[in-house]
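Comments concern the structure below.
The values are calculated or read from the model by the stated rules, or taken from the named source; none is laboratory data. Predicted, not measured: the structure shown is a model, and the values here were computed from it. Methodologically, a virtual Cβ is constructed for each residue, glycine included, from the backbone with ideal geometry; neighbour enumeration extends over all protein chains shown. Areas reflect the complete protein model, heavy atoms only, side chains present, ligands, DNA and RNA absent. Shrake-Rupley method; radii C 1.70, N 1.55, O 1.52, S 1.80 Å.
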2 protein chains.
Amino acid sequence: MKKYAVIVAGGSGVRMGGPVPKQFLLLRGKPVLWYTLNTFLAAYADLSIVLVAPADHAETCRELIDSTVAAQRIQMVAGGDTRFHSVRNGLAVIQEEAVIFVHDGVRCLVSTPLIHRCYEAALRSGSAIPVVGSRDSVRLVTAAGSEAIDRSRVKLVQTPQTFLSKILIPAYQAEYRPEFTDEATVVEAAGHTVYLTEGEPDNIKITLPADLLIAERLLQGA
Amino acid sequence: MKKYAVIVAGGSGVRMGGPVPKQFLLLRGKPVLWYTLNTFLAAYADLSIVLVAPADHAETCRELIDSTVAAQRIQMVAGGDTRFHSVRNGLAVIQEEAVIFVHDGVRCLVSTPLIHRCYEAALRSGSAIPVVGSRDSVRLVTAAGSEAIDRSRVKLVQTPQTFLSKILIPAYQAEYRPEFTDEATVVEAAGHTVYLTEGEPDNIKITLPADLLIAERLLQGA
């Protein structure tokens, strides 16, 4: 089936403490987002990318697209106020039946096997949400303080969150709600069950300066 | 008040894929655990360490202790079957009123300010559990599949989990239960409330090969 990757690169990057949004920070001389785009382009020859970019960085994104291995398979759309609105903007350009990956632009270490696994699982079940276990104990903040949660039941959610278009696109017709923090919650609100699949420890989000160092080392094939 | 750090170094290290337990892996030429011990020794002049070590690595631990900045402030006890039993073995040698830090030997990037913060907070409230927020969305596995949890309420628990001895030591008189995965759960089971304090993003557990790389770079003062 046709594949689309909606890659969300709308973050403001404030947590990195610098004026450059995280997705444009350089990793071995190339922007973080460049790695993300090329990995998806290489995963399937019939995959198209919808890059959801911050409006004030359209120029940078355009140049970045032109530097990838298959710029003609990438189109750019403007980001929205929230992740929900950004993804909705991205989905708006998809007009055919497809498997859709929704991916964080700053998860530049996503692997081809993970993309393939999500695709196969979404084709079978309608959705594939990559998750990893927590290495730390987990507590939930409550009105009275906090309480322990059984760590073996806790899953940390990664991307690409992957869906059949016939499930994902109608779900995004919903009115925005604050609890729509990722695609899985939107699809569940539309009445669907979502299915988890095994993510990857290295598939980290670049959100802190230390993450750039990690990514650099992992890319060096360590 | 007198300070003790019970440092748990009883892991088997199987997840690193090698025969060397994680706490003995080298980071810039020194074992992971060496950094942990020295940071605690340097934090307070009147701090003593109880190192809970795997019985079959007593020799290695002895040499490691001798290579620290204040070996005379470290005593070694044998580990138990579970973390609970290891910590209980460590507490058994503490005979005076104190603030007790219980720390993972493999969290070698713990900072002096975090140790000081936990001490002050435990002195005030009886306990201090360092936690950080989750950067990923979080789901809870349920009988029916999984459900989203409000990420802002989820806290990932680090160490040093810090307590007044008069709270911690009696709590460890309990019978072991499988839900005793950390010290906070043991203290809660004894009827106490535990108090959270802000942890540190860099205070990671060395459990995967990639973590060693991260730690190496962070130590380089990046």
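Observations on the model:
- With both labels modelled 7 Å from their Cα along Cα-to-Cβ, the A:Glu63 to B:Thr193 distance reads 5.5 nm.
- Electrostatic dipole magnitude of the protein assembly as shown [Cβ: Lys, Arg +1; Asp, Glu -1; Cα centre; debye, to 20]: 280 debye
- On the principal axes of its alpha carbon atoms, the stretch B:139-214 extends 38, 37, 23 Å, with the longest extent given first.
- Once divided by 2.2 N^0.38 Å, the Cα radius of gyration of the stretch A:47-100 becomes 1.14.
- Relative contact order of the stretch A:36-161, defined on C-alpha pairs under 8 angstrom at six or more residues apart (%): 23 percent
- Number of partner chain Cβ atoms within 10 Å, mean per residue of B:213-220: 4
- Over the protein assembly as shown, DSSP H runs of length four or greater, each weighted -39,500 (n - 2.57), average out per residue to a 222 nm ellipticity of -9000 deg cm²/dmol.
- Between A and B, accessible area buried - total, square angstrom, nearest 100, 1.4 angstrom probe: 3500 Å²
- Under Karplus coefficients 6.51, -1.76 and 1.60, residue-wise ³J(HN,Hα) of the stretch B:129-140 in Hz, glycine/proline x: 10, x, 9, 10, x, 8, 7, 9, 4, 10, 10, 10
- For the stretch A:39-112 and the stretch A:160-179, distance of Cα centres in Å: 16 Å
- For chain A, DSSP calls about 45 percent of its internal beta bridges antiparallel.
- Taking N as its residue count, the alpha carbon Rg of the protein assembly as shown over 2.2 N^0.38 Å: 1.06
- Across the stretch B:42-58, computed HN-Hα scalar couplings (Karplus, 6.51 cos²θ - 1.76 cosθ + 1.60, θ = phi - 60°) run 6, 5, 8, 5, 9, 9, 10, 10, 10, 8, 8, 10, x, 4, 7, 10, 4 Hz from first to last residue, x flagging Gly and Pro.
- Dimensions in Å of the stretch B:21-80 - Rg and Dmax from alpha carbons: 11.0, 30
- Partner chain coverage, peptide B:197-209 - average Cβ within 10 angstrom: 2
- Counting only DSSP beta bridges with both residues in the stretch A:128-222, the antiparallel share comes to about 75 percent.
- Paired Rg and Dmax values of the stretch A:13-160, which use every Cα atom, in angstrom: 17.5, 55
- Near the amide H of A:Leu51, within less than 5 Å, lie the amide hydrogens of A:Ile7, A:Gln75, A:Met76, A:Val77, all on another chain or at least 5 residues away, with H placed in the peptide plane.
- Taking label positions 7 Å along the Cα-Cβ direction at both B:Ala70 and A:Arg217, the computed distance is 2.9 nm, reported to one decimal.
- Between amide H atoms placed 1.01 Å from N, distances below 5 Å from A:Leu27 occur with A:Val32, all of them 5 or more places distant or on a separate chain.
- Relative contact order %, chain A, counting alpha carbon pairs below 8 Å whose residues are six or more apart: 23 percent
- Calculated on the Cα set of the stretch A:74-222, radius of gyration then Dmax: 16.5, 50 Å.
- Å² per residue, accessible surface of the stretch A:1-139 at 1.4 Å: 39 Å²
- Cβ-derived FRET efficiency at R0 45 Å, B:Val20 paired with B:Glu175, nearest 0.05: 0.85
- Lysine pairs with alpha-carbon atoms under 23 Å apart, the protein assembly as shown, spacing 8 or more or separate chains: 18
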